[in-house]
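Right, one structure below, let's go through it.
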Amino acid sequence: MLGIALVASIAWATAAQAADCPRPGTLGTWRVLTVDPAATPRVGLKSFPQTLPLADHEVMLTFDDGPWPATTSRVLAALAQECVRATFFLIGKSASEHPALVRRIAAEGHTIGHHTWTHRNLKYAKPADAEAEIDKGIAAVEKALHGAAASTPSTPFFRFPYFEMTPQALEKLESRRIAVFGADLWASDWNPMPPQEQLKLLTDRLKAAGKGIILLHDPKAQTAAMLPAFLRYLHDNRYRVVHLEPARSVGLARVP
């Protein structure tokens, strides 16, 4: 039943962004997948028993811990070169310090999610403190984006720092209709390594998984350096990028 509910909560739309890209031979964005948090409260196999219904050789690119000017700008340039859209889970404090960069991320067609105010490990926080850390982060990102703080996110997507969470925090976010995202695989880019080593680690994991939600970190210089080669790897090995957006209407088409 959970699998049926997950699929039923997601609307699919073929974007065909690759054909629209002004640079021939780019990777592009294959299609857009919209998620309704009311029916899809949490996804990502590293944390939960279910994930998004991606087909073989479909990937979703997500970035945590930004924005950080020196490296996020390089990540955005690499994505733009290949006409690829991604999801950025932003830290509120960094967003408040670099609001123009937050707006640039959104203006370039990427989705902006939330990642707390200071990247605090919420597993060890009191429930009230955890909620305050989440809300302060959301408010800062909303102010950077729209000029006014708000505790209700315009994009109701959240990722816990370190993937550490409590049942109470999960239930609270679900009651607020904010979807929680884990990941299916990652490059372990929190560990220092040369970009070439990181590329091999990530591509080996992707070969084994075949598809999935990929976690990267845009403040990491090694990730910014690795990303152009990884995007070309995806292109050359016939992977397709799926972009994530929130459902905007209860009237969206459903998958049978």
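Scalar couplings 3J(HN,Hα) for the range 227-238, obtained by applying the Karplus form with A = 6.51, B = -1.76, C = 1.60 to θ = phi - 60°, are 4, x, 5, 5, 5, 5, 4, 4, 4, 5, 10, 6 Hz; x denotes Gly and Pro.
Apolar share of the accessible surface for the range 61-154: 57 percent from carbon plus sulfur atoms, 1.4 Å probe.
Residue-wise HN-Hα couplings along the range 95-110, as the Karplus relation 6.51 cos²θ - 1.76 cosθ + 1.60 with θ = phi - 60° gives them from phi, are 4, 5, 7, 9, x, 5, 6, 4, 5, 5, 4, 5, 5, 8, x, 8 Hz; Gly and Pro carry x. From the coordinates of this entry, log10 I(q)/I(0) by the Debye sum over Cα atoms at q = 0.07, 0.11, 0.14, 0.16 Å⁻¹ is computed, and it appears in (i) -0.21, -0.55, -0.93, -1.25; (ii) -0.29, -0.65, -0.93, -1.11; (iii) -0.55, -0.79, -0.96, -1.08 under the label (i).
Highest first, please rank the peptides 159-168, 73-82 by the mean number of other Cβ atoms sitting within 10 Å of their residues.
Details: 159-168: 16.8, 73-82: 19.6.
Taking the mean over residues of other Cβ atoms within 10 Å, the ranking is 73-82, 159-168.
Once backbone amide H atoms are built at 1.01 Å from N, residue 217 has 64 as its partners under 5 Å, excluding neighbours fewer than 5 places away on the same chain.
Backbone geometry of the range 160-176 corresponds, through the Karplus equation with coefficients 6.51, -1.76 and 1.60 at θ = phi - 60°, to 3J(HN,Hα) couplings of 6, x, 6, 6, 9, 8, 10, x, 5, 5, 4, 5, 5, 5, 4, 5, 8 Hz, x marking Gly and Pro. Using the Cβ-Cβ distance between residue 208 and residue 128 with R0 = 51 Å, the FRET efficiency computed as 1/(1 + (r/R0)^6) comes to roughly 0.80. Spatially close Lys pairs in the chain, defined by Cα atoms under 21 Å apart and a spacing of eight or more places or different chains, total 17. Around the amide H of residue 57, modelled in the peptide plane, lie the amide H atoms of 211, all under 5 Å away and 5 or more residues distant in sequence or on another chain.
Using a probe of 1.4 angstrom and keeping all protein chains present, the accessible surface of the chain works out to 44 square angstrom per residue.
Normalising the average separation of contacting C-alpha pairs (under 8 angstrom, six or more residues apart) by the number of residues puts the relative contact order of the range 153-256 at 25 percent. Near the amide H of residue 88, within less than 5 Å, lie the amide hydrogens of 63, 111, 112, 113, all on another chain or at least 5 residues away, with H placed in the peptide plane.
The values are calculated or read from the model by the stated rules, or taken from the named source; none is laboratory data. From a predicted model like this one, the values you see are computed outputs, not experimental measurements. Positions of Cβ are backbone-derived with ideal geometry, glycine not excepted, and every protein chain shown enters the neighbour counts. SASA here: full protein model, heavy atoms, side chains in, ligands and nucleic acids out. Shrake-Rupley method; radii C 1.70, N 1.55, O 1.52, S 1.80 Å.
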